[in-house]
Structure formats: C-alpha cells, structure tokens
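Data first, discussion second: the structure below is written as structure tokens.
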Amino acid sequence: MAAEILNALLNANLITMSQVKAIKDKQEETNEGVVSVLVKNGHLSEIKLMKFFKDQYGIDSADLKNFKMDPMLLDLIESEVAHKYQVIPIEKKGRSLYVGMINPLNENAIEDISFLTGLSTKPLMISQIQMQEYLDKYYKREGNLVAVSDLPQAEQKDVYQPEEEWEEELSMTTSSQAADFVKYIIDDAVSRKASDIHIEFIGKRQRVRMRIDGVLQEVVDAPRKFSLAIIQRVKILSKMDIAEHIKPQDGRIKWRYHGRDIDLRVSVIPTVLGEKVVMRILDKGSLMVDLKDLGFTEQSRKKFEDALERPYGIILVTGPTGSGKSTTLYSALSRLNEPGTQIITVEDPVEYNIRGINQIPIRSDIGFDFPDALRAILRHSPDIIMVGEIRDQDTAEIAIRAALAGQLVLSTIHTNDAPSTVNRLVDMGIKPFLVAASLNIIQAQRLVRRICPKCKKAIEYDQVYLKEIGYDQEKYGKFTFYKGTGCGYCNNTGYKGRVAITEVMPISRKIRQRIVDGASTAEVKQLAINEKMITLREDAWLKVSQGVTTIEEIVRETSSL
C-alpha cells in the first residue's frame with residue numbers, strides 16, 4: 001500500500017522521484033508508516049495530503065475537536081490496537097464505526113478493527129498532532145502495557161468473584177467479543193514470533209504476557225468485563241471441560257494463521273485469584289531452520305554435519321529448557337529425511353508433525369513411556385531414531401543398544417555443557433566403555449537474543465567491568481561493542497530474534513580412551529579444547545565480537561559456566 005500511495009502522489013506531481021527514494025530510505029531506517037514520513041520530513045503538508053486522499057480515494061478528513069469522545073466507543077478498541085494502528089474511534093452510526101487514522105488506506109488496520117469490533121470500519125484522516133494528543137489522553141500506556149486505570153470508569157469492577165456468580169457474568173458477556181479477543185492475541189503472538197502466551201489474574205486485573213525471544217513481556221490487559229469468558233473460550237477451543245475450575249487441565253488447539261497451520265499446547269491451572277492459562281505456540285514454519293542458520297561457526301557446523309553422515313552412533317544435544325534443542329534436532333531430521341530412510345521418533349509430546357517421519361507420542365497416563373516405545377520401534381527396523389529426551393538409565397541403555405546395533409540415534413539430555421554429559425550418563429548407571437563406544441558427538445547450546453538491526457548502536461563499557469565478566473582482550477581481540485537502543489521494529493527491547501551459541505564436541509579416539517579410563521569432566525573438557533573445541537563462552541564472545549548480541553545477553557546465559 002505504501003508503494004501505491006507514493007506512485008499516486010508521484011503521478012499527481014505532488015512529490016518527485018528523489019523524494020520517493022528519500023521517503024523509502026527513511027521508512028527503512030525508522031520503520032515508520034509512509035504518511036508519517038511524508039509529513040514529519042516536510043515532503044507534503046497535511047492539508048495537501050488530506051485533499052489528495054479526498055480527490056484520489058474519496059476519503060474525508062475530520063477534526064476531532066468537533067466530536068465528543070464516547071467512553072463506550074473508546075472501549076471498543078483496546079489501547080494496544082489503538083497505538084499499533086494509530087487509530088481513534090470517533091462515531092458509530094448503525095453498524096458502521098467511523099475512526100480517525102493517520103493512514104486511512106491501512107487495510108490491515110481496517111480489517112482487524114472490523115473483526116475485533118464486529119462493525120464496518122469507515123476511516124477518516126486526522127492530523128498527526130491530534131492523533132498523538134488523543135492517544136495520550138484516552139489510551140495512555142507504559143511501553144506496550146495498557147494500564148487498568150486508563151479503562152473507562154464503568155469497567156473498574158473487581159475481578160474477585162465467588163464461583164456462584166460466574167455463570168451470571170458469563171451469561172451477560174458478549175461471547176463473540178471474547179472470541180475476537182482470543183483470536184487477536186493468538187494472531188498477534190504468532191506475528192511477533194512469541195513462543196508462549198500467558199493469561200493470568202494479577203491483583204485486580206487480567207494481564208496478557210508473551211514470551212518473545214525468550215523473555216516474557218506484558219502486552220495488554222484483557223478487557224475485564226469478559227475476563228472469565230476469555231478463559232471459557234480458550235477451554236472450548238482446547239476441548240477442555242468448561243465446568244472444571246479446580247483441577248488443572250491440558251489441551252491442544254489447531255490454529256490457522258495466514259494460510260499456515262499452527263498448533264498450540266494449552267495448560268489451565270487454578271490459582272487463588274482465578275484460572276491461569278498458558279498457550280505454547282508450536283509453529284512448524286519457525287522450527288524448520290537450515291543448520292546453516294542456527295548460529296554455528298563454520299568449524300562447529302561441519303563437525304555436526306559430519307556426525308549426521310555416520311550410519312550409527314548417538315548424537316546428543318544438551319542444554320537447559322528453552323535453549324533450542326528441539327529446533328536443532330528437527331533441523332537435523334529434516335536434513336536426514338529422505339524417501340529411502342526409515343525414521344521413527346519417540347516424543348513427549350509430539351510437538352510438530354513432519355511429513356515422511358513416523359512419530360510416536362509418549363502416554364504416561366497409560367504407562368507407555370520412553371523405554372517401552374524404544375523397545376517397540378526397534379522391531380520396525382528403523383535407520384534413524386530420535387528420542388525426545390534421555391531421562392533415565394533404561395532409556396539410555398536402550399538408546400545405546402540401538403546405536404551399537406547399527407542405528408543412528410539422536411536425543412537430548414539436560415547438562416550444563418558438552419563434556420559434563422559423559423559423566424551424566426555414567427551417573428545414570430551406564431558403563432564408561434558403553435558410553436565411549438556409542439557416542440558420536442555432543443553439542444551443548446544456549447539461545448541469546450540478536451541485537452535489533454534497526455536501532456543498533458556502538459557502545460563503550462568500563463574496562464573494570466569487562467574484566468570482571470571475563471573479557472580477555474588478548475584472547476578474544478579488541479572489537480566494538482553494540483547494543484540496541486529500542487525502536488518500533490523491536491518493540492523497544494533493543495533485540496530482534498535469537499541465535500544459538502554452541503559447543504560441539506566430537507568423540508575422538510583420544511576422548512573415547514579417556515572415557516573408558518574414567519576421566520573427570522575437567523579432563524574431558526581440556527582434551528576437547530586441545531582438539532580445538534570452541535566452548536560455549538568462547539562462542540558467546542565470538543557473537544559479541546561480530547556485533548550479533550550484547551554483553552548483557554552472554555552474561556545472562558553463560559554466567560553459570
């Protein structure tokens with residue numbers, strides 16, 4: 001739409017070709033809308049722009065001073081939506097909602113507002129000064145958080161309600177509004193690439209948080225007049241018992257977003273303030289990443305890919321929860337998935353369905369666990385086995401037996417780094433010679449946030465502080481440090497996306513022998529370093545030196561190493 005507006009302005013001789021280039025460059029730099037850039041940078045006055053929209057598209061302009069702001073209308077559009085799309089509700093006539101906008105041709109905004117309100121949205125152009133004034137006055141916010149005190153006074157009611165009043169409230173609530181709100185937050189979370197959505201009561205409000213790039217961020221307060229209906233809507237979508245408010249429940253939602261199939265794992269638990277909802281977003285599109293894009297150094301990636309080419313043995317990926325282990329395994333499986341290869345996975349639960357791969361879910365409720373599943377699939381002559389996690393001796397022993405019998409086995413395990421994985425298996429009760437004979441490679445990893453490319457700036461740190469956190473200039477070299485200052489593109493966090501820091505340890509002949517001899521973790525680590533293993537901390541500093549991430553991120557993720 002921005003290109004259409006610029007072309008129309010160019011054809012109307014209101015701007016020049018050089019201005020078009022300058023406007024596009026400014027948009028790329030600031031991530032602002034085309035109308036904002038046109039006016040703020042003096043390319044076109046708002047009066048001329050309003051006349052252009054009227055003549056070209058038949059869109060009228062409005063002066064908000066001529067309208068009385070109706071709290072009921074303001075309540076139709078949440079603060080987050082108002083700020084996101086730069087929109088103010090002005091007047092309602094029948095089934096039409098007239099809204100003031102800076103860019104009245106923003107089709108996404110018009111479509112979303114129509115969906116959320118259930119009304120036909122009619123845009124009117126207003127000045128940028130009035131837009132900012134009215135947003136500040138009627139839709140105050142801190143960051144992206146809508147404050148409870150900013151809701152219309154009529155909605156300032158207590159969320160503490162006895163159970164017998166729930167049915168009455170739900171019967172009075174517009175269920176379609178709750179459904180629209182749930183759709184809005186799920187779509188918004190997927191568009192932001194969030195991994196989780198949290199809906200919870202806190203004090204007298206019901207807040208919505210999203211885990212974006214590994215960090216929880218408050219996004220919006222749920223409209224309190226139908227807070228209970230929101231939970232009910234999630235339960236209906238998840239096929240849960242809507243009458244159950246005391247016991248925890250789990251469910252699953254299949255969602256469609258812009259032509260993509262998205263799965264959500266849903267958990268509802270009771271708290272003293274009300275039920276808390278967590279929705280884990282499982283987007284296969286974001287998971288199927290090429291190994292080249294995961295953050296490996298060239299040296300480490302080649303070692304990992306070489307291990308995948310071997311016909312048998314065990315490949316272990318280790319790290320804490322949320323460190324991207326599943327992404328690495330699924331990316332590896334995607335690389336190995338060929339018509340002539342039999343791949344079977346055992347997962348708890350199956351997070352993503354992969355075409356051409358046989359995936360088996362664990363059912364702890366009926367006593368069907370990892371060892372049972374592994375014993376069963378060995379009778380199906382698999383070439384490659386993926387085990388979701390090695391948790392105990394039984395699982396480890398069967399995985400090792402499969403590897404020694406000629407299968408390639410991929411799995412995860414919870415350890416701090418690659419060398420400590422060896423003794424973790426021994427501590428489980430696996431004999432050292434079996435560990436040495438079966439392991440091909442161990443990869444440890446963490447995820448750190450990438451610096452936002454739109455607001456990335458050089459920054460200086462105190463040398464004493466750098467020394468305290470382990471920066472060794474002689475070892476890592478001298479380089480420029482960077483940090484994101486925060487902008488609209490990164491939601492004012494300074495970060496956009498994540499990248500893995502890795503530690504890849506192939507099991508060489510020397511390391512195998514030392515494992516058999518009962519070497520300590522420290523001895524195994526030193527031997528691996530002597531064989532040019534890049535440690536997690538070294539890879540973290542490498543990412544800092546490349547301007548990929550910040551010191552704060554590597555301190556957060558590697559301080560325990």
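Give me the Debye-computed log₁₀ of I(q)/I(0) at q = 0.15, 0.21 Å⁻¹ for the stretch 1-138, equal point scatterers on Cα only, no solvent, two decimals. At q = 0.15, 0.21 Å⁻¹ the computed log10 ratios are -0.73, -1.31.
Give the cross-link partners of Lys65 among the lysines, using a straight C-alpha distance below 18 Å as the criterion and excluding same-chain residues fewer than 8 apart. Those lysines meeting the cut-off are Lys92, Lys137. A simple count of charges around Gly118, restricted to other residues whose Cβ falls under 9 Å of its Cβ and scoring Lys, Arg +1 and Asp, Glu -1, yields 0. By its C-alpha gyration tensor, with a ≥ b ≥ c as the square roots of the eigenvalues, how is the stretch 171-283 shaped: rounded for a/c under 1.5, else prolate for a/b larger than b/c, else oblate? Rounded, because the longest to shortest axis ratio a/c is under 1.5. Helical runs (DSSP H, four residues minimum) scored at -39500 (n - 2.57) apiece and divided by the length of the chain put the mean residue ellipticity at 222 nm at -11000 deg cm²/dmol. Modelled this way, with points 7 Å down the Cα-to-C-beta line, the labels at Asp392 and Ile246 are 3.1 nm from one another. The simple Förster model, with R0 at 60 Å and r as the Cβ-Cβ distance, assigns Ser114 and Val464 a FRET efficiency of 0.55. The stretch between Asp60 and His380 holds 108.3 nm of extra length on full extension. This uses 0.36 nm per residue minus the Cα-Cα distance. Solvent-free Debye calculation, one equal scatterer per alpha-carbon of the stretch 231-309: log10 I(q)/I(0) at 0.13 Å⁻¹ equals -0.59. Can you list the lysines whose alpha carbon sits under 16 Å from that of Lys93, skipping same-chain ones fewer than 8 residues off? Qualifying lysines at Cα under 16 Å: Lys68, Lys122. If R0 is 30 Å, the Cβ-Cβ spacing of Arg512 and Leu291 corresponds to a FRET efficiency of close to 0.75. Geometric descriptor of the stretch 279-377, per residue, is 133 Å³ (volume of the convex hull of the Cα atoms). With all pairs of different C-alpha atoms in the average, the Kirkwood value for the hydrodynamic radius of the chain is 27.1 Å. Quick one: net charge around Leu316, please, counting Lys, Arg +1 and Asp, Glu -1 for every other residue with C-beta under 14 Å from its C-beta. Result for the neighbourhood of Leu316: +2.
Over the stretch 324-380, the hull volume per residue, using the convex hull of the C-alpha atoms, is 86 Å³. The packing ranking of peptides 273-283, 40-50, highest mean first, is 273-283, 40-50, where packing means the average number of other beta carbon atoms within 10 angstrom of each residue. Listed cross-link partners Lys302/Lys543; Lys21/Lys84; Lys193/Lys235; Lys21/Lys51 are compared with a 28 Å cut-off, the Cα-Cα value being larger for no pair.
Per-residue packing, averaged as other Cβ atoms within 10 Å, sorts the ranges 248-260, 378-390, 439-451, 407-419 into the order 439-451, 407-419, 378-390, 248-260, beginning with the highest.
Only the coordinates and a few stated rules stand behind these numbers; no lab work does. Everything numeric in this text was worked out from a predicted model, so none of it was measured. Here the Cβ is made from the backbone with ideal geometry for all residues, glycine too, and neighbour counts use every protein chain on show.
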